[in-house]
Amino acid sequence: MQRPFPPRRSTALAALLALALTACSAAGAGPKDTSAPTAPTGVTATSGSSTTVHVMWNAATDDRAVTGYEVHLDGRKVKDLAATTLMTDVVGLAPATPHRFTVRARDAAGNASPPSAAVAATTLPAAAEDRTPPTAPTGLRAAPDGSRAATLRWTPARDDTEVTAYDVYQADTRVHTVPGTTTGTRLTGLRPGTAYAFTVRARDAAENSSPDSNTVDLTTAPAPGAPPNTAPTDLAATAAKGGEITLTWTPPKTGAPVTHHELHLNGRFATTIVWGTAPPPGRATYTFPVTDPPGTRYTLTLRARLPDGTWGDFSAPRTVTVR
C-alpha cells in the first residue's frame with residue numbers, strides 16, 4: 001500500500017521555521033558598520049635628509065575601533081600601518097623635492113576617514129659624502145605636563161654640516177622627531193602615574209645619528225583617585241666585560257621592607273630578585289650574567305612586591321649594551 005503524502009500544512013510550517021531562522025541569523029549578525037573614523041589631526045611632516053620625510057599624527061576616533069592608518073604621498077598611498085602606529089618614515093624620495101602628505105584612518109569594516117589636512121615638506125638637497133655624526137645633545141631636562149604629557153628641552157648639538165633633526169627615544173624606541181632648529185618638544189599620549197626615561201639624538205642630512213644625550217626620568221601625574229606611584233627609582237645599569245650586568249636602585253617606600261623585586265628584560269619577565277633575610281638598607285645592588293654576544297642591547301625595568309602581595313609600578317627603563 002502506498003504511503004500517503006504528508007499534509008500541506010507541514011510544508012507551510014517548515015517554510016515558516018526557515019524564515020524565522022533566517023531572521024534570527026540576520027538579527028544576530030548585528031547592524032552593518034557604515035560609520036567612518038574621524039580624520040587624523042595634528043599631522044606633521046619633517047624632512048631629516050635628502051631622501052626621507054618623517055610623518056606623525058594624532059590618533060583618530062571611531063564608533064567601534066580604528067584598525068589602521070594609510071599615509072598618502074602626493075595623493076598616492078605609500079604606507080598601510082597598524083592602529084598603534086602614529087608615525088612613520090617615508091623613504092626613497094628624490095633630493096630637494098617638495099611633497100604633500102595626508103593620513104587616513106580605517107576601521108574593521110573597511111570604512112576610511114576623510115583625508116587629514118595636507119602638510120608640505122621638501123627633502124633636503126643632496127650633499128657630499130658625510131660620515132661624521134653630530135655631537136650628542138646636552139642638558140636634556142623634562143617635566144610632566146599633567147597625567148598624559150611631558151615637556152622636554154635640550155641644548156643644541158653641533159655638526160660639521162648641519163643638524164637637520166632631533167629624535168626623541170623612550171628607552172630604545174624612537175617616539176618623536178622634530179626639526180633640527182628645535183630644542184624642545186611636548187610629548188603626548190603618555191599613561192598616568194607611569195615612570196618614563198627619555199634620551200635625544202641629533203641627526204644630519206646624511207642620516208648620521210649622534211650618541212644619546214643624558215637620560216632624563218619623569219613620572220606622569222596619577223589619574224584622579226589613583227594611589228601614588230610605587231616604582232623603584234634611580235635605576236642604573238652597567239655592563240662589565242665577560243657578560244655581566246650590574247643594577248643598582250632605590251626601592252620604593254611602602255611602609256614595610258621590600259624583599260622581592262621582578263626584573264624584566266626587553267619587556268619580558270626574566271627573574272625574581274629575593275633577599276632571604278632583611279633587604280639591604282638604602283640602595284640595592286644585583287649582578288647577573290648574560291650569554292648574548294657583545295653589542296647586544298637590553299632594556300631593563302624593575303618592580304617591587306608591595307606589602308599586600310601585589311606588584312607595584314615599573315621603574316623607568318634603562319638600556320645597556322653587553323660588553
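Annotations for the structure displayed:
- Qualifying residue in segment 81-97 (condition: touching a Phe, Trp or Tyr at 6+ places or on another chain (Cβ under 6 Å), buried (at least 20 other Cβ atoms within 10 Å of the Cβ) and outside any loop (DSSP other than H, G, I, E, B)): no
- Segment 253-278, residues that are closer than 18 Å to residue 301 by Cα and either out of contact with any strand residue (DSSP E or B) (no Cβ under 9 Å at 6 or more places or on another chain) or surrounded by fewer than 12 Cβ atoms within 10 Å (Cβ to Cβ) (or both): 253, 267, 268, 269, 272, 274
- Test: residue in segment 179-190 that is polar (S, T, N, Q), over 21 Å from residue 313 (Cβ atoms) and under 17 Å from the mean Cα position of the chain (by Cα): yes
- Residue satisfying all of: in segment 229-268; farther than 24 Å from residue 307 by Cα and out of contact with any Ser or Thr (no Cβ under 8 Å at 6 or more places or on another chain); modelled with the highest pLDDT among these: 241
- Strands (runs of 3 or more DSSP E) enclosed by segment 193-252 - at least 2 residues per element that are surrounded by 20 or more Cβ atoms within 10 Å (Cβ to Cβ): 195-204, 216-219, 244-250
- Test: residue in segment 153-162 that is in contact (Cβ under 8 Å) with a residue 60 or more places away in the chain and outside the structural domain of residue 314 (by TED's automatic domain parsing): no
- Some residue of segment 210-233 being farther than 30 Å from residue 261 by Cα, touching a residue at least 40 places away in the same chain (Cβ under 8 Å) and out of contact with any helix residue (DSSP H, G or I) (no Cβ under 8 Å at 6 or more places or on another chain): yes
- Enumeration of residues in segment 282-323 that are of a type in the set (A, V, I, L, M, F, W, C) and either surrounded by fewer than 18 Cβ atoms within 10 Å (Cβ to Cβ) or touching a helix residue (DSSP H, G or I) at 6+ places or on another chain (Cβ under 6 Å) (or both): 288, 290, 311
- The set of residues in segment 280-297 that are within 21 Å of residue 238 (Cβ to Cβ), of a type outside the set (Val, Ile, Thr) and outside any strand (DSSP E or B) comprises 280, 282, 283, 292, 293, 294, 295.
The values are calculated or read from the model by the stated rules, or taken from the named source; none is laboratory data. None of the values given here were measured: they were computed from a predicted structure. Counting neighbours? That spans all protein chains shown, and the Cβs are built from the backbone with ideal geometry, glycine included.
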